[in-house]
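Okay, so here's the structure we're looking at.
The values are calculated or read from the model by the stated rules, or taken from the named source; none is laboratory data. Being a predicted model, the structure only gives us computed values, none of them experimental. As a convention, Cβ positions derive from the backbone with ideal geometry for all residues, glycine included, and neighbour counts pool all protein chains shown.
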Amino acid sequence: MANQVAQAPRVLVNSSKPVNNIVSGQKLKEVQSAVLNDLKDAIINSMGPAGSNSLILRGSSDVDIVAEYSKDGNKIIKSIKYQYPIEMAIKSEIENSTRYIEKTVGDGTSSVVVMSSLIFDALNQAFLNGEFGYDPYETMRLFDKCISIISEKIRGNGRACTLDDIYNIAFISSNGNKEVAEQIQQIYKEYGMTVFIDVSASTNENTYVKTYNGITIEAGYSDPAMINNLERNDCRIRSTEDYPVHIYQFAEPIDTSEQLALFAQIIETNVIGRRNNRQKEIPTVILAPQISRDAHAYMRRIIQILLSFGEAEYSQKPQLLIVTNYAGLDENYVDHISNLCGCKPIKKYIDDKIQKADQESGLAPTLKTVCDFYGTAVEVEADANITRFIDPQKMYAKDVNGNIVTDDEGNPVYSKTYTNIINFLEAQYKSNSEQGGNIGVLGSLKRQLNAVKANMVELFIGGISISDRDSLRDLVEDAVLNTRSAAKNGVGYGANTMGYCITRNMLEENDFEDIDVYNMIKIINSAYTNTIKALYHTIFNSDEAIDTIIDNIYIEGGKPYNINTSNYDGLVLTSIESEPMILETISKIVTIMYTANQAILQAPALTSHY
């Protein structure tokens, strides 16, 4: 019998690729580029005074459909929808990134979106060409370095803001609305350069002004879950018939078990416990420079309670506002506000004997007494960046019956507490200034002075229809935020011309030790150039005419071509912080996208689209 060779058992191999939820880096980059270009093309139509409104429709039938006309960049981005997850995520990232710049300097969304798209594509092309021999993170560090250099040069070209500047900034920001510019200028003329203007919707066709007195702090709510005013996207804690707003100040970070217990006691006693027992809540505001991780479990519980209220129920949220993350501010900044509100600071103690003695004398709280350590104000409002205290308890002089004292013209008389704080800060600022004091100290004193002196004006925008009113309000909000930033930080030329001229000058001087820095500045300058071209393409069709305008802008030292006057008259102005913030926002967008090397989707079936 012939020998038989033993054969290995057959193994069945599935040659098809496993189905998973991974999208490759190359495909991800293609989608990122496509979405950025998509958003860029949509936003270009709204750029500049010659840009047009976008018609934004909401609702699905003739019963609930709402039409809105807007040039507001962030609102346009927010209204754009995508069908697939990566596109949705990219759009959401752009929307979130541009929201901050819009709420701070009022404008810049269009520039951010257009330049982000141009820079992202240029960086990807440079990588393919081998221009940068770095990994993505090193490339982004180089990008951030160049952004910092440009921003510093821009700020160095700023100057102090005048009333004429206020008019010109408001005129440009409101798309050439003379009445709005004059109204905003008049408010600054009447209330000073530290005035704080809020914009709200009027209930009729009339536009009018309502004034308050108050103080501000450059810190906002600790979590967006505290937003209870959907129209303004902020948190408003108002006095009720039964209780004024109770304000508590923790003098140091809440980072011990004892401080956390006091913190929780205030919230449970004033708000949560009363709500659970169907009692009237005490409107409560808590100030704390920082809240430690040890308190996160308790904070998550509070946030979950707040998040349980849908948009239609925002006004029913617990009357609670927590303001934190201001540890970097001068402690006097908050102390002055606390003093005017009449708060008894909640302090930490190292020595138990001293603490016990202060508790017995009422200077230090216990769990039983901490809720009595409050000051008051008529109202407290907070957004993500700023908290406003309206009519704090000790702002005005009062008679023996607690009524506000008025002068011969019926105006309220400021209290000694208030005037002493103002006099002290002005004396400190003058002394330090005359002695050539540190810029940081002078800046801190000026911010403290502005915070305490800030008059507040609410500008109610009217309109014949809701769409008419909302369209105008978008423009007014941009103008108000831009003038506020300019009054605080200084003025520069608008239309992105400062960054353009600075980067062009850097390239022409060509004084670079590192060729990679030169290449990165070239990419940024190209993005500036093409963004300015897009702006002027809304009114000029000739590429040759636009090239001439851009050259003239450089010759004129950065003065933009004024579409309203057909001249390089230096009237196209903005806050000096606008361009640095645009660059900072671009950096956040580009960095997070450029350094992503793949996408992990929610389910394998979704990858079929890609």
Any hit, the range 344-362, residues being within 21 Å of Glu268 (Cβ to Cβ) and part of a strand (DSSP E or B): yes
Flag for Tyr518 being free of Cβ contacts under 8 Å to residues at least 40 places away in the same chain, part of a helix (DSSP H, G or I) and either touching a His at 6+ places or on another chain (Cβ under 8 Å) or assigned by TED's automatic domain parsing to the domain that holds Tyr134 (or both): yes
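Mind checking whether some residue in the range 152-165 is assigned to a helix (DSSP H, G or I), touching a helix residue (DSSP H, G or I) at 6+ places or on another chain (Cβ under 6 Å) and either exposed (fewer than 14 other Cβ atoms within 10 Å of the Cβ) or not assigned by TED's automatic domain parsing to the domain that holds Ile515 (or both)?
Taking the range 152-165 and keeping what is assigned to a helix (DSSP H, G or I), we get 152-155, 163-165.
Narrowing the set further to residues that are touching a helix residue (DSSP H, G or I) at 6+ places or on another chain (Cβ under 6 Å) leaves 153-154, 163.
Checking the rest, the ones that are also either exposed (fewer than 14 other Cβ atoms within 10 Å of the Cβ) or not assigned by TED's automatic domain parsing to the domain that holds Ile515 (or both) come to 163.
Looking for residues that are assigned to a helix (DSSP H, G or I), touching a helix residue (DSSP H, G or I) at 6+ places or on another chain (Cβ under 6 Å) and either exposed (fewer than 14 other Cβ atoms within 10 Å of the Cβ) or not assigned by TED's automatic domain parsing to the domain that holds Ile515 (or both), one finds at least one in the range 152-165, hence yes.
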Residue check, Tyr314 surrounded by 15 or more Cβ atoms within 10 Å (Cβ to Cβ), in contact (Cβ under 8 Å) with a residue 60 or more places away in the chain, closer than 17 Å to Ala219 by Cα and not acidic (Asp, Glu): no
Subset of the range 558-606 (residues that are under 14 Å from Tyr100 (Cβ atoms) and either small (Gly, Ala, Ser) or assigned to a loop (DSSP other than H, G, I, E, B) (or both)): Glu577, Ser578, Ser587
Residue that is within 22 Å of Gln279 (Cα to Cα) and either modelled with pLDDT of 95 or more or surrounded by 14 or more Cβ atoms within 10 Å (Cβ to Cβ) (or both), where the choices are Ala364, Ala384, Ala377: Ala377
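Every residue in the range 391-403 that is of a type outside the set (Gly, Ala, Ser) and either assigned by TED's automatic domain parsing to the domain that holds Leu340 or in contact (Cβ under 8 Å) with a residue 12 or more places away in the chain (or both), please. So that I can check it myself, show each step before the final result.
Residues of the range 391-403 that are of a type outside the set (Gly, Ala, Ser), as a first pass: 391-396, 398-401, 403.
Asp391, Pro392, Gln393, Lys394, Met395, Tyr396, Lys398 - these are the residues of the range 391-403 that are of a type outside the set (Gly, Ala, Ser) and either assigned by TED's automatic domain parsing to the domain that holds Leu340 or in contact (Cβ under 8 Å) with a residue 12 or more places away in the chain (or both).
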Yes/no for Asp569 being touching a strand residue (DSSP E or B) at 6+ places or on another chain (Cβ under 8 Å) and surrounded by fewer than 16 Cβ atoms within 10 Å (Cβ to Cβ): yes
Elements of type helices (runs of 4 or more DSSP H) contained in the range 62-146, each with 2 or more residues being at pLDDT below 85 and not aliphatic (A, V, I, L, M): 73-79, 85-105
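One line per residue, one yes/no per condition, for (1) among the acidic types (Asp, Glu); (2) free of Cβ contacts under 8 Å to residues at least 40 places away in the same chain:
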{"site": "Glu379", "(1), (2)": "yes, no"}
{"site": "Phe389", "(1), (2)": "no, no"}
{"site": "Thr419", "(1), (2)": "no, yes"}
{"site": "Gln435", "(1), (2)": "no, yes"}
The range 306-340 - residue that is farther than 25 Å from Ser415 by Cβ and among the aliphatic types (A, V, I, L, M) and, of those, farthest from the chain's Cα centre (by Cα): Ala312
Val572 vs. criteria under 21 Å from Leu142 (Cα atoms) and in the same structural domain as Leu39 (by TED's automatic domain parsing): no
The range 260-305, subset farther than 19 Å from Glu381 by Cα, assigned to a helix (DSSP H, G or I) and polar (S, T, N, Q), residue nearest to the chain's Cα centre (by Cα): Gln304
Breaking point among (1) more than 27 Å from Thr104 (Cβ to Cβ); (2) surrounded by fewer than 18 Cβ atoms within 10 Å (Cβ to Cβ); (3) not hydrophobic (A, V, I, L, M, F, W, C), for Gln259: (2)
Selection from the range 224-250 of residues that are out of contact with any Leu (no Cβ under 6 Å at 6 or more places or on another chain) and buried (at least 17 other Cβ atoms within 10 Å of the Cβ): Ile227, Asn228, Asp234, Arg236, Ser239, Pro244, Val245, His246, Ile247, Tyr248, Phe250
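Would you confirm whether any residue within the range 533-541 is at pLDDT below 95, surrounded by fewer than 19 Cβ atoms within 10 Å (Cβ to Cβ) and part of a helix (DSSP H, G or I)?
yes
Listed here are the residues, each with its yes/no results for (1) within 30 Å of the chain's Cα centre (by Cα); (2) hydroxyl-bearing (Ser, Thr, Tyr); (3) outside the structural domain of His246 (by TED's automatic domain parsing).
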{"site": "Ile354", "(1), (2), (3)": "no, no, no"}
{"site": "Pro365", "(1), (2), (3)": "no, no, no"}
{"site": "Ala377", "(1), (2), (3)": "yes, no, no"}
{"site": "Asn385", "(1), (2), (3)": "yes, no, no"}
{"site": "Val405", "(1), (2), (3)": "no, no, yes"}
{"site": "Glu409", "(1), (2), (3)": "no, no, yes"}
{"site": "Pro412", "(1), (2), (3)": "no, no, yes"}
Failed criterion for Ser471 (all others in (1) touching a helix residue (DSSP H, G or I) at 6+ places or on another chain (Cβ under 8 Å); (2) at pLDDT below 85; (3) closer than 21 Å to Ile197 by Cβ hold): (1)
